[in-house]
Amino acid sequence: MKRTLYILIALLLAAPSSADDFIYVKRRSQPSWQMVASDNFNRANENPLGNGKWTTQPGFNALKIVDNVVYGPTEGAYAVSYWSGHTFGNDQACVFTVTGTGNYQGCIIRGSGASSFSGYMFQLDANNTAAYIFRYNSGTQTQLGSTITTMSKAAGVKYKFQIVGTTITVYEDVGAGWVSHGTRTDSTYASGYVGLMVYSSSTCQVDNFEGWSYE
């Protein structure tokens, strides 16, 4: 009996006196795809696109909101804005919906935000099913691989432009889930911003932006 009592007393004396005496080990969660930016543009007309989150890419015109969708300000000229409200992980993706099928719309990934644009651009062609993947180097455009000729390019279709490591992939969702339309490999840029682009100011419209990051 006495032996049992001595053991209990020893255990009580050895026990931590407060929560501060415990050592907690926090397990780091595994990285995963996170939607870290989104904008449905359902607000008052805005020129330039801003809302405290968007920044116009130097060297291009600014995007604008008209009647809850995104346009370019000038016919026949590129307009590019990137989401500056978050620092994206190196693996990233841009998602957007086409609402007008005029001349050229798309998005950028691993954009530099510098005075002359460097990064990758996905661009849907005008009024047909073609699309392009470009690499920009200080404003100079180079097409990566051949033209993609299997895109739907219809109002309401969602597109995703994604990069993982050095693999760039274009996806399309017409209502049945994401379908790949080809990949390109390029190792020029390892990090940067995600954003949107359009080329004209009338029938070229995009909506429902999402910025994804693996972090």
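Here are the numbers for the structure shown:
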quantity: Distance (nanometres) between label positions extended 7 Å along Cα→Cβ at THR150 and ASN68; calculated: 3.4
quantity: ³J(HN,Hα), Karplus 6.51/-1.76/1.60, whole Hz, each residue of region 161-174, x for Gly, Pro; calculated: 10, 10, 10, 10, x, 10, 9, 9, 10, 10, 10, 9, 10, 9
quantity: Cysteines not pairable in the chain (beta carbon separation under 4.7 Å absent); calculated: CYS204
quantity: J(HN,Hα) series, region 136-153, from Karplus relation 6.51 cos²θ - 1.76 cosθ + 1.60, nearest Hz, glycine and proline x; calculated: 9, 10, 6, x, 8, 9, 10, 6, 9, x, 7, 5, 7, 10, 10, 7, 7, 6
quantity: The chain, relative contact order [Cα under 8 Å, separation at least 6], %; calculated: 28
quantity: Neighbour-count order for ASP67, ASP207, fewest beta carbons within 10 angstrom listed first; calculated: ASP67, ASP207
quantity: From phi via Karplus (6.51, -1.76, 1.60), per-residue ³J(HN,Hα) for region 57-73 in Hz, x at Gly/Pro; calculated: 6, x, x, 10, 5, 8, 6, 9, 9, 9, 6, 6, 9, 9, 10, x, x
quantity: For the chain, calculated [θ]222 nm from helices alone, where every DSSP H run of n ≥ 4 adds -39500 (n - 2.57); calculated: -2000 deg cm²/dmol
quantity: Rg and Dmax of the chain, Cα atoms only, in Å; calculated: 24.4, 94
quantity: Label-zone membership for region 97-131, site ASN47, 7 angstrom Cα→C-beta point, backbone N under 20 Å; calculated: 99-105
quantity: Two-site label geometry, GLU215 and VAL179: point separation in nm, points 7 Å out along Cα→Cβ; calculated: 3.3
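Any read-out appearing in this document is the output of simple, stated calculations on the displayed coordinates, not a laboratory observation. Remember, it's a predicted structure, so these values are computed and weren't measured experimentally. A quick note on method: Cβ atoms are made from the backbone with ideal geometry, for glycine too, and the neighbour counts reach across all protein chains shown.
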